[in-house]
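The values are calculated or read from the model by the stated rules, or taken from the named source; none is laboratory data. Treat the numbers as computed from the prediction; the structure is a model and nothing was measured. Here the Cβ positions follow ideal geometry from the backbone for every residue, glycine too, while neighbour counts run over all protein chains shown. Heavy atoms of the whole protein, side chains included, go into the accessibility calculation; ligands, DNA and RNA do not. Shrake-Rupley method; radii C 1.70, N 1.55, O 1.52, S 1.80 Å.
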Amino acid sequence: MHSEILQRLLEDRAAKRPVVLATRLSDGIQKLLYHFDTEGENALLQAANEALASDKGRVVAASDGEWFLNVFNPPLRLIIVGAVHIAQPLARIGALAGYDVTVIDPRTAFASEDRFPGIRLVTDWPDEAMAAEAPDTRTAVVTLTHDPKLDDPALQAALRSPCFYIGALGSKKTNAARMERLTAAGFDEATRARIHGPVGLSIGAKSPAEIAISIMAQITEKLRT
């Protein structure tokens, strides 16, 4: 690998920027491909985007030969706002699914090691915490508190970020009121539509664990389709 490509790859990794290292099998020529590339062979770029989406390397045929695509994706992250009952099974399921999980809640009585063993806890207010977390394209954000003082700042930060999933717990009535507040805050319809609310797939979930399963299923669906 040329030192220039290695340096760029290290910079991409540090910046949590998804990238594919393409190596032509016939002669070892290498180049880096990004999901936002607009130049080059469309078939190769499309294959790189598909590889990024699937998290799997592959060999693809292009007009100039076969290329091996090696995927370098940032780690998956799940940011949960609200250390409530549903957050406990959701944090565990998210960790089992391969996500780096962070629970944000300034209420230390809820955000405790006893309730979330082994989970990273942040007790700053959500606006400060979300600014520090800087959600990227591999981040899912879920708000669970029902409290606009906690949920709304987190949702606004998520909507301003490139995170791939945003979910908010609450009834249809609660979600409608939330949308009105976000409209007043200056978010247009297309931007507000990024929020999955009520959160989770419609599977008839009742218990906190079942609701957590429905949320994680919806996150997975969004990530993989």
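For region 96-115, residues that are open to solvent by 50 Å² or more (accessible area, probe 1.4 Å), under 16 Å from Ile219 (Cα atoms) and either in contact (Cβ under 8 Å) with a residue 24 or more places away in the chain or in contact with a Gly (Cβ under 8 Å, 6 or more places away or on another chain) (or both) total 2.
Looking only at region 54-71, residues that are hydrophobic (A, V, I, L, M, F, W, C), touching a residue at least 40 places away in the same chain (Cβ under 8 Å) and either within 30 Å of Ala111 (Cα to Cα) or open to solvent by less than 50 Å² (accessible area, probe 1.4 Å) (or both) come to 3 in all.
Against the numbered list (1) under 13 Å from Val81 (Cβ atoms); (2) open to solvent by 10 Å² or more (accessible area, probe 1.4 Å); (3) assigned to a loop (DSSP other than H, G, I, E, B), Ala157 comes up short only at (3).
Taking residues in region 184-198 that are in contact (Cβ under 8 Å) with a residue 12 or more places away in the chain, and partners anywhere that are exposed (fewer than 10 other Cβ atoms within 10 Å of the Cβ), the pairs with Cβ atoms closer than 7 Å and at least 6 places apart or on different chains are Pro198/Lys172. Within region 199-219, the set of residues being open to solvent by less than 60 Å² (accessible area, probe 1.4 Å) and either in contact (Cβ under 8 Å) with a residue 24 or more places away in the chain or charged (D, E, K, R) (or both) comprises Val199, Gly200, Pro208, Ala209, Ile211, Ala212, Ile215, Met216, Gln218, Ile219. What number of residues in region 125-146 are of a type in the set (D, E, K, R), in contact with a strand residue (DSSP E or B) (Cβ under 7 Å, 6 or more places away or on another chain) and either modelled with pLDDT of 95 or more or outside any loop (DSSP other than H, G, I, E, B) (or both)? The qualifying residues number 1.
For region 160-178, the candidate set comprises residues that are open to solvent by 40 Å² or more (accessible area, probe 1.4 Å), touching a residue at least 12 places away in the same chain (Cβ under 8 Å) and in a helix (DSSP H, G or I); within that set, the residue that is nearest to Pro126 (Cα to Cα) is Thr174. Scan region 7-28 and give yes if some residue there is more than 21 Å from the chain's Cα centre (by Cα), small (Gly, Ala, Ser), assigned to a loop (DSSP other than H, G, I, E, B) and farther than 25 Å from Pro162 by Cα, otherwise no. The answer is yes, given that some residue of region 7-28 is more than 21 Å from the chain's Cα centre (by Cα), small (Gly, Ala, Ser), assigned to a loop (DSSP other than H, G, I, E, B) and farther than 25 Å from Pro162 by Cα.
Do the conditions hold for Lys16, that is, is it surrounded by 13 or more Cβ atoms within 10 Å (Cβ to Cβ), on the phi > 0 side of the Ramachandran plot and not aliphatic (A, V, I, L, M)? Yes: the conditions hold for Lys16. When restricted to residues that are at pLDDT 95 or above, open to solvent by 30 Å² or more (accessible area, probe 1.4 Å) and not in a helix (DSSP H, G or I), region 182-198 contains 6.
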